[in-house]
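Peer 1: Handing you a structure now.
Values in this text are rule-based calculations from the coordinates and carry no lab data. Because the structure is predicted, anything quoted here is derived from the model rather than measured. Cβ placement follows ideal geometry from the backbone for every residue including glycine, while neighbour counts extend to all protein chains displayed.
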Amino acid sequence: MWNIPLITPLLGYLMKLCYIIFNNYGLALIIFTLIIKLITVPFQIKQQKNVARMAKFQPQLKKLQNKYANNKEKYQEELMKLYSEEGVNPMGSCLPMIITMVILFSIIGVVYAPLKYVSNIDGNSFSLTSTASENITDAENLVTDTIIIAHKIDETGKTYSELTESEKNNIFKEKVLEDGEKINNVKVKSSADDYKKSLENVERVFSEYFPDSKEFTEFLLDNKKLSSQLYTRPQLLMFKISDNGYGQMFDVVDEDISKELKRIDYTFFGIPLSEMPSWTSLYLLIPVSSFLFQLILTFISQRYQKKNNPTANTTGRGMNLMLYIMPLFSFYIAFRFPVGLGLYWTLTSFYSLIQTIILNKIYTPEKVEKMAKKDAKKKKKKGFYQRALEMQQNQNGTANVQRPAKADTEDEDRKMTKSERKQAELKRLQEARKRMAEKYGDEYIED
């Protein structure tokens, strides 16, 4: 769900490069986020220019609204003409937002899978071999299935070594039946063979590593140490398990995985990035910081908008609502997901705040207007709204119809007899009726 083809792997390579340089996932994430913001600077500059131009021609827009208040069709035509003349695209502000959201969903896949994008399993520097990728998948299945089996063992009140063969068979048989139902209902992609292989690995974990340990089972079932919110993020669970001294369980799949879990520093100044924020933990500072940075960003953006465009309504109910929607959304993102993703979103808000201040200082409406005039002199290619206007005129039958000048028509009428003038007027009337019929899709019947 969180892997967008092409984009997520590219971001994964970039994150890998940052980690190689800093050897810490938190520091790598800071630089990674900064690079992403620098990559999007051209789009932000384009948006800033567009906003400044929109501010400059607001008075003209209001004149059009007043002039064509009762003629919506004519208003739309004149509006497109105005957009074309001013070189403004009212949808230009949407592109940076779309890019930001695409990158956000892509980075989720990278943050959720540090082993896939940062590890050196099989000694491969930037991309996993098929075997390494398969082993990571087996390790992910091992995590989720081990937790399920731990619940079933805990229900018996015994350790694994105290279970009878019959009890062991019942526990694993029950698990196989549940998985078989999932397979039949197409709720999972794994095959029956994959489940069988995973359950065999689970048996090895309990029989070879933790046959008499209740601590291991209790750890797996402790929601404070191993949050159930991470059950759908198995690689983050793997780091939590390794950090608590149980990483050797992954040796049943691949010893390199255990080594990489210990080698990769998946922290930020000592804070495990796999942790989930809660109302009672210090990790709550991440969502709170994200909320505050976004609130300041929204406030400053509205302040610059009011300064650059005094006629704009920045005090209405809708604008006041926007003042809180984005900050609350930022808090939700940082609170609902692990610290790693919350840190990325917080950094994004912080960098956006700095970027907004700098761009508004550089690209003032006055400077943008001068740049627009220079661009207009050089510009030969037709803009989007100019092409749209011509298309609309063609559809209305006004672009290609060559009408004689009024003076020429009067000269021709003087040379005609009364009967000829009557025929000419009738012909022009028929042509006008035909154009109107074509415009509104009516059937035209010639008299």
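Peer 1: Name the shape class, rounded, prolate or oblate, that the alpha-carbon gyration tensor gives for the range 105-166, where a ≥ b ≥ c are the square roots of its eigenvalues, rounded holds for a/c under 1.5, and otherwise prolate holds if a/b is larger than b/c and oblate otherwise.
Peer 2: The shape class here is prolate.
Peer 1: From a point 7 Å beyond the Cα of residue 17 in the direction of its Cβ, which residues of the range 31-56 have a backbone N at a distance under 15 Å?
Peer 2: Taking a point 7 Å out along Cα→Cβ of residue 17, the residues of the range 31-56 whose backbone N falls under 15 Å are 31-40.
Peer 1: What list do you get for 94, 18 if you sort them by fewest beta carbons within 10 Å?
Peer 2: Least crowded to most crowded, the residues run 94, 18.
Peer 1: Once you have the Cα-Cα distance between residue 223 and residue 431, take 0.36 nm times their residue separation minus that, and quote the gain in nm to one decimal. Don't jump to the answer; show the numbers that get you there.
Peer 2: On the way: separation 208, 0.36 × 208 = 74.88 nm, distance 8.01 nm.
Difference between extended and current length: 66.9 nm.
Peer 1: Would the range 255-294 count as rounded, prolate or oblate if I go by the C-alpha gyration tensor, calling it rounded below 1.5 in a/c and otherwise prolate when a/b exceeds b/c, oblate otherwise? Kindly include the intermediate steps, with their values, before the conclusion.
Peer 2: Values: a/c = 3.81, a/b = 2.66, b/c = 1.43.
Cα axes put the range 255-294 in the prolate bin.
Peer 1: Using the 2.2 N^0.38 Å rule of thumb for compact globular proteins, work out how the range 128-262 stacks up: its C-alpha Rg over that value, please.
Peer 2: Compactness ratio reported: 1.01.
Peer 1: Here is a follow-up. Take the alpha carbon atoms of the range 225-244, find their center, do the same for the range 30-46, and report the distance between the two centers in whole angstrom.
Peer 2: Here the answer is 31 Å between Cα centres.
Peer 1: Expected output is a single nm value to one decimal: the length gained when fully extending between residue 165 and residue 419, i.e. 0.36 nm times separation in residues minus the C-alpha distance. What is it?
Peer 2: Values: separation 254, 0.36 × 254 = 91.44 nm, distance 11.39 nm.
Here the segment from residue 165 to residue 419 would lengthen by 80.1 nm.
Peer 1: In whole Hz and in residue order, list the ³J(HN,Hα) couplings for the range 275-289 that follow from phi through the Karplus curve 6.51 cos²θ - 1.76 cosθ + 1.60, θ = phi - 60°; x for Gly and Pro.
Peer 2: 5, 9, x, 9, 5, 10, 10, 5, 5, 5, 4, 5, x, 5, 5
Peer 1: Starting from the Cα of residue 255, step 7 Å along the direction of its Cβ; do the same at residue 102; then give the gap between the two resulting points in nm.
Peer 2: 4.5 nm
Peer 1: Taking neighbour Cβ counts within 10 Å as the exposure measure, how do 222, 145 sort from fewest upward?
Peer 2: Ordered by Cβ neighbours within 10 Å, fewest first: 222, 145.
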